[in-house]
Structures are given as structure tokens and as C-alpha cells.
Amino acid sequence: MKSFKGHIVDVVRREIFDGELVVDGEQITEVKRCELGDGKWPYFLPGFIDSHIHIESSMVVPSRFARIAVTHGTIGVIADPHEIGNVMGIEGIDFMIRSGNEAQFNFCFGAPSCVPAVGGEIETSGAVISADDIEQLMQRDDIGFLGEMMNYPGVLSGDKEVLRKIEAARRNGKPVDGHAPGLKGEQRSQYAAAGITTDHECSTLEEGRACIKAGMKVIIREGSAAKDYQLLSPLIAESPDMVMLCTDDCHPDDFVRGHINSIVKRALADGYQLWDVLQVACVNAQRHYHKNWGLLQKGDPATFICTDCLTPHFRVERTVIRGKEAFNYNANLPRDLFERDTLTADAEFPNKFVAAPITEKDIFMDIKSGDTVHVIYASDGSLLTQHDEIKVSGNPLFDSHYPWTKVQKIVVYNRYQPGAKPVVGLVRGFGIREGALAGSVAHDCHNIVAIGSNDEYLVRAINRVIEMKGGQVVVGADEMLDIPLPIAGLMAPLSGHEVAFRTLLLHDMVKRIGCPMKSPFITMAFMCLPVIPDIKITDRHLMDTKQMSIIK
């Protein structure tokens, strides 16, 4: 039996009182009101929940993700293993669940609905998860929802395979997550009517309100590359019961600094009411995904956090999950709370990687005066791109239409099929002066992607990724830095802080070769995702993603 005394923050009754939590094993057996003596007493409140995340983007396995998450007061995540699903299929999903089971943490894993995101003649993935597979996955107790339905054109057109997946989730009483950037009006209503219950892709207040009007919950995203809080935050006050918070894709160097707690602090600083903020950060995800992870009520799981205050400057001091302390600001806790069978240096990591090294000849672009070229225009902090269509008087890498360094080559190379040829395009916004960056994190099929100022640097960077069987690389005039990602080409068998440190070194070097972006690798990774407008490049084609047509 354990006792925790302090200020109890009851989010159900929306009141704060002095009291005592009595914990027996994994359960809160009593919530008593009592007088506290003099002194500074902590505040106890339900923990924070990330309502939509791809753990793979943290570049660590779930058990090691949890070790960092609890330090920020996160007690659970709604995790879509979409990234490893595209590489390894159901085998990858099972790996994530096994790793998550090692940790003293709450994971709700979903079944990825779009593996591959588009597929067919548009891109190549390492696996396919069919409607038959989804039927089986939805019957499993360790699968809690159907992951983001990116194929909204398929929903709107009544694609039988797509609708079978949605129906399988609904038949088994499991929510269906959405992904429909820019969808409004009748199409938004039709999308919602198909049974889709959330969307994390709203990027304007108008879009968010339309989503809520259609009956869907808006998940406000504040990730490493996509940041929507600023525009969508009024929804916290307008519709607190219809809003959740997420990071979606959170890079390791951002993750070690903060998680959902950072969004909560920002919302409090912006003047949103405490109860509304806690509703969207702690409560709504549990109710929407049918989880009982604890809301500080008698009979609830003994899962909660302890903070020093409730101002925008609060500090998480302790995290308790199912009666066990998972984080204590003033103490080191046993590692076996998170890593019971751990990954060893000689482990057989799950992966798919058969790409062969390339030469400069493989990425040559034959551009002549008078040709029309298509340039992807990328922006820091956004997954959306603009489409520049230019008639050139020479090679756009040197053409006077843009100053030198404004346009670079972008290469996408299939890593799953032997004998594949790289696809080469043009991109601006990265500002690389002399060097290249490359990686095997390339949403969502995770082929190799690289951007560089010349062919020599590009080839060196791509071939290093191949040599490592996955990873991230920066090449400069006289230096190369990398981080191997041997687990599906997405994750490292390292701690979160070690991965964060290595990625910071990579980002420092990215700046030295001229790229000013805050999250260059995530932004580069999304240059390959053909379900986000306006123009993207896959291992097969340059794509007009508004019209879903191939650019010749």
C-alpha cells in the first residue's frame, strides 16, 4: 500500500482539492480529502497522451521511446506503426508491440491502413497490408484502432478494398483515424460519414472547424516538421471535447527536450483555461480510443504525474504508471522498467535492404536550353510543397533564373528491389552550398532519399546509407557524419539521448554545408510522400500530388 499526498487535480469534476491518493498494487483504491500541513505540496494530475505518433520518427524502439516520454509526463501514446509497416509489414508491427511490452508505459498500437500509402505504379514499399490482413489485425486485442486513412480519394470514390478495411475496424468496435489535408465541404462530410473519426492534418482554423462540424475530432499537431498549434489552438476553447494533441513525427533532438508537456505549457501561456487544456491533453484520447489509463478516480489504474505547479512553467517531478514510479526527477530508476530483454550489438535486426551502390552516371540529368523543368519548392516547418514549372535557358542547377545554391538535385532510390534505377528531380528550399544529405527515412515507403549540390556528394551519401543498411548521412567537402539505423532502416539500437546527440551533430554539419532548415531530414523525408500536395517524388516518378498524376 502506498500513499501520495498533495493537491489533487480532478479533471472529471474540474476541481482541485487537498487530498491523498491511496494505491494498492496497480490501482487507486481511495481518493481522500484531507488537510495538508505547511510546506510546498505537489500537484497530482492525469498524465499526458500523444494522440497520434509514429514512434519510428524518434529513431528509437518503443521501450527506449518510453524511457524519454515519461520524463516529460507522457503516460501513453496512440501509436501508428505505419513506417515500419511499410518496410516489414505485419512482422514490423509485431516487433513494435513486443518492444513496447518491455516498458512500464501505455502503448495503444494501431493497424496501418495504407501500406503502401499509394502503391501501384506510383511507389514501391517493402510490404503490403491488405484488407484481409486488416480483418485479422482488427480482431487482435493488442491492436486498438485502424491507422490514418490516407487514401481519402479511395474513401470518396467507394474503393472496395479501402471500405473493407474501415468496415473491419467498425465491426470490431475500433476507431478509424483520418488523414485528409485540405478536405472541406461535402467531401469532408462524406469522408466522416464513412466512419473516420479523427484528423491530424488540419492546418487552418477553417479546416479544423469543418472537421469538427462533420463530427470528427481534430488532433492538433506540433511535431518537428509540421507545426499547426498556432493556427488551430482556438479550437481548444471552442470545442475542448473534440480536440486532442499530438506530435506525429517528432525527431529525437526535439523529443529529448519536450513532448506533449511543451504544447500544454504553450497553451497555458496563451491563456487557455486549465481544464480545457487538460481535457485535450489527458482525457479525450482515453475516451476516444476506449482506454482506461487513469484519471485519478477511485478504482482507476494508479497512473498519474506529479508537478511542482500548474503555471506555464510547471516541471514534471514524478511519473507513476500502474503503481510503479517510472520517472523521478530526483532519483535514478532501474533500467529494467523499460528494457527487459534489450537489444544487443550482435542482434539480428529486422530489416529489408537490397539496394546496390550507384555511380554518378546513374543520377545524370540531361537538361537542355528550352526544356521545361519541374522544381519542388520545400518550406521549413511544413509538409506541403509548391510546384515551380520553369522553361530554362540552361541547366537549372546553374541557371540565372535562381541564384546558385537555390536548386539542388533530389534522388530517390528503391531499396527493396535489385536492379532498380534512381529517380532524379530538382528541389529548392534546402540551400545546400557544398555537400549532400541522405537517409533511409523517406515517408512512407522509406526508400533512400538524398539532396545535394553535386553528383559526387550525392553518390557518396547514398552509398554510405546502403553500406549501413539504413541510416542518415551528411557529406561535406572534407567530412562525413552518419548515424546507422539498422532496425528496418528507421531506428537505432541506442538510447534516446544517444540518438539525439548524434542527430544534433548531423544537424550542425547540415548547417555547415548551407542548409538553414530546423528539421532538414524530416523535411527531406516528406518530399517522397505522394498523399500531400502539391508535388512530390517517389522511387518511380515525379508526381503532381494534387491531380495524382505522373509528371513526364
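The values are calculated or read from the model by the stated rules, or taken from the named source; none is laboratory data. None of these values were measured; they are calculated from a predicted model. Note that we place each Cβ from the backbone using ideal geometry, even for glycine, and neighbour counts take in every protein chain shown. Remember, those area values only see protein heavy atoms, side chains included, never the ligands or the DNA or RNA. Shrake-Rupley method; radii C 1.70, N 1.55, O 1.52, S 1.80 Å.
Looking at GLY144, GLY110, GLY178, GLY120, just one residue is open to solvent by 10 Å² or more (accessible area, probe 1.4 Å) and either among the polar types (S, T, N, Q) or under 16 Å from HIS82 (Cα atoms) (or both), and that residue is GLY144. Selection over segment 487-515 of residues that are within 20 Å of MET88 (Cα to Cα) and modelled with pLDDT of 95 or more gives a count of 6.
For segment 53-75, the count of residues that are closer than 22 Å to GLU317 by Cβ and in a strand (DSSP E or B) is nonzero. State whether the residues of segment 150-168 include one that is hydroxyl-bearing (Ser, Thr, Tyr) and in a loop (DSSP other than H, G, I, E, B). No, there is no match, as no residue in segment 150-168 is hydroxyl-bearing (Ser, Thr, Tyr) and in a loop (DSSP other than H, G, I, E, B). Within segment 37-52, restricting attention to residues that are not in a strand (DSSP E or B) and not charged (D, E, K, R), which residue is surrounded by the most Cβ atoms within 10 Å (Cβ to Cβ)? Among residues in segment 37-52 that are not in a strand (DSSP E or B) and not charged (D, E, K, R), the one surrounded by the most Cβ atoms within 10 Å (Cβ to Cβ) is GLY47. A search for C-beta distances below 9 Å between a residue of segment 119-137 that is touching a residue at least 60 places away in the same chain (Cβ under 8 Å) and any residue that is of a type in the set (D, E, K, R) and crowded, with 24+ Cβ neighbours inside 10 Å, counting only pairs 6+ apart in sequence or on different chains, returns GLU123/ASP444; GLU123/ASP539; THR124/ARG415; THR124/ASP539; SER125/ASP444; GLY126/ARG415. When segment 187-200 is filtered for residues that are closer than 15 Å to LEU232 by Cα and either in contact with a Gly (Cβ under 7 Å, 6 or more places away or on another chain) or modelled with pLDDT under 95 (or both), the ones remaining, listed by number, are THR198, ASP199. Among the residues of segment 78-100, those that are open to solvent by less than 10 Å² (accessible area, probe 1.4 Å) and in contact with a helix residue (DSSP H, G or I) (Cβ under 7 Å, 6 or more places away or on another chain) comprise ILE78, ALA79, PRO81, GLU83, ILE84, GLY85, GLY92, ILE93, MET96, SER99, GLY100.
Here is a list of conditions, (1) surrounded by fewer than 21 Cβ atoms within 10 Å (Cβ to Cβ); (2) touching a residue at least 60 places away in the same chain (Cβ under 8 Å), and GLU206 meets all of them except one; can you say which number that is? All conditions pass for GLU206, except number (2). Report whether or not LYS518 is in contact (Cβ under 8 Å) with a residue 12 or more places away in the chain, out of contact with any strand residue (DSSP E or B) (no Cβ under 6 Å at 6 or more places or on another chain), among the basic types (Lys, Arg) and within 22 Å of GLY85 (Cα to Cα). Criteria not met by LYS518. Residues considered: LEU278, LEU295. Of these, the only one that is open to solvent by less than 30 Å² (accessible area, probe 1.4 Å), touching a residue at least 60 places away in the same chain (Cβ under 8 Å), part of a helix (DSSP H, G or I) and under 29 Å from VAL320 (Cβ atoms) is LEU278. Of all the residues in segment 483-524, those that are part of a loop (DSSP other than H, G, I, E, B), of a type in the set (Gly, Ala, Ser) and under 19 Å from the mean Cα position of the chain (by Cα) number 4.
Filtered by the rule that a residue be under 15 Å from PHE109 (Cα atoms) and in contact with a Lys or Arg (Cβ under 9 Å, 6 or more places away or on another chain), segment 20-66 gives ILE49, SER51, HIS52, PRO62, SER63. Right, ASP132: charged (D, E, K, R), closer than 22 Å to GLU56 by Cα, surrounded by fewer than 18 Cβ atoms within 10 Å (Cβ to Cβ) and modelled with pLDDT of 95 or more or not? So ASP132 fails the test. Scanning segment 384-408 for residues that are over 28 Å from ALA127 (Cα atoms) and either modelled with pLDDT of 95 or more or assigned to a strand (DSSP E or B) (or both) yields GLN386, HIS387, ASP388, GLU389, ILE390, LYS391, VAL407, GLN408.
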